[in-house]
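Asks: Sending over a structure as structure tokens; questions will come in a sec.
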Amino acid sequence: MAVSLLAACTGGGDESRRPDTRPLETGPADTLPSGGGAVLDGAPPIDGVNDRVLVLGDSNLSQSGVQVAAALQGVGLEPTLRGVPGLGLKDLDAYWLRDLPGLLATDPAVVVVALGTNDTTTRADVVRFSARLDTMMRAIGEHPVVWVTHVEYRPFQVAGGGHAINEAIRAAAARWPNLTVLDRTAHLESDPSLLRGDRLHFTDAGMVAFGNEIATAARSALPVAGVPAP
């Protein structure tokens, strides 16, 4: 089973000031690099079912690409990953809407979105997040979507920004029947082993947990039929 690691370089948002925020490296691969893999048991492809999963994110996906891909493959899914440091829904017009048609051309059965941490640094981006999320959902279309929540507090955020973004993600599930929320916030806040000292990027254990939780949620979302956008 091949995994596509789709990279893009971009000017960096506030994450450009942080260490080790390189874009996910480009290129299809028949095998994953060794080391740091997920802890899920391997699973065969799912016969007769579209098993492709598209995962979109920022530096945490960029840095955790090996672990996320391994976990998805471990539950029988075929991943395509696009993780770009510094990006969020603030970059919807300049980046995501431009690239989504090509990314969706992989015909994913499920789309996982792990964006939001970089939308907390200005009040305007926090306020506009819900509307931008709706625009993103319309662009994704009828695909089942799993949207990931984040830490409540992160450096450089405006007061209450992390909480507001997470609440906007949770509220979106009521508007979008094809959206499932993967709520990681309580886990991230309660387990100090998952985050580095910057309270934003994942440790090795955090990368594995990130991959495993995405894989579980994507596999659960797989049978969900697409529904029209509201």
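The values are calculated or read from the model by the stated rules, or taken from the named source; none is laboratory data. Only a predicted model underlies this, so the values are computations on that prediction, with no experimental measurement involved. We place every Cβ from the backbone using ideal geometry, glycine too, and count neighbours over all the protein chains shown.
Asks: Go through the range 88-110 and give me each residue that's in contact (Cβ under 8 Å) with a residue 12 or more places away in the chain, farther than 28 Å from Gly160 by Cβ and not small (Gly, Ala, Ser). Steps first, please.
Replies: Looking only at the range 88-110, we keep the residues that are in contact (Cβ under 8 Å) with a residue 12 or more places away in the chain, and these are 88-92, 95-97, 99-100, 103-104, 106-110.
When the remaining residues are screened for being farther than 28 Å from Gly160 by Cβ, the result is 99-100, 103-104, 106-110.
Across the range 88-110, the qualifying residues are Asp99, Leu100, Leu103, Leu104, Thr106, Asp107, Pro108, Val110.
Asks: Could you figure out which of (1) modelled with pLDDT of 95 or more; (2) touching a Lys or Arg at 6+ places or on another chain (Cβ under 6 Å) isn't true of Leu87?
Replies: All conditions are met except number (2).
Asks: Please enumerate the residues belonging to the range 169-226 that are in a loop (DSSP other than H, G, I, E, B) and among the aliphatic types (A, V, I, L, M).
Replies: Filtering the range 169-226 for residues in a loop (DSSP other than H, G, I, E, B) gives 176-178, 183-184, 191-194, 196-201, 203, 222-226.
Matches in the range 169-226: Leu194, Leu200, Leu222, Val224, Ala225.
Asks: Here is a follow-up. Search the range 142-163 for residues being crowded, with 23+ Cβ neighbours inside 10 Å and over 17 Å from the mean Cα position of the chain (by Cα), and hand back the single one that is modelled with the highest pLDDT.
Replies: Gly161
Asks: Within the bounds of the range 132-144, is there any residue that is out of contact with any helix residue (DSSP H, G or I) (no Cβ under 8 Å at 6 or more places or on another chain), assigned to a loop (DSSP other than H, G, I, E, B) and among the charged types (D, E, K, R)? Spell out the reasoning first.
Replies: Taking the range 132-144 as the starting set, the residues that turn out to be out of contact with any helix residue (DSSP H, G or I) (no Cβ under 8 Å at 6 or more places or on another chain) are 138, 142.
Subset that is assigned to a loop (DSSP other than H, G, I, E, B): 142.
Adding the requirement that they be among the charged types (D, E, K, R) leaves 142.
Looking for residues that are out of contact with any helix residue (DSSP H, G or I) (no Cβ under 8 Å at 6 or more places or on another chain), assigned to a loop (DSSP other than H, G, I, E, B) and among the charged types (D, E, K, R), one finds at least one in the range 132-144, hence yes.
Asks: Just checking, does the range 206-222 include any residue being farther than 23 Å from Val75 by Cα and of a type in the set (A, V, I, L, M)? Full working, then the answer.
Replies: First, pick out the residues of the range 206-222 that are farther than 23 Å from Val75 by Cα: none.
Taking every residue of the range 206-222 in turn, none turns out to be farther than 23 Å from Val75 by Cα and of a type in the set (A, V, I, L, M).
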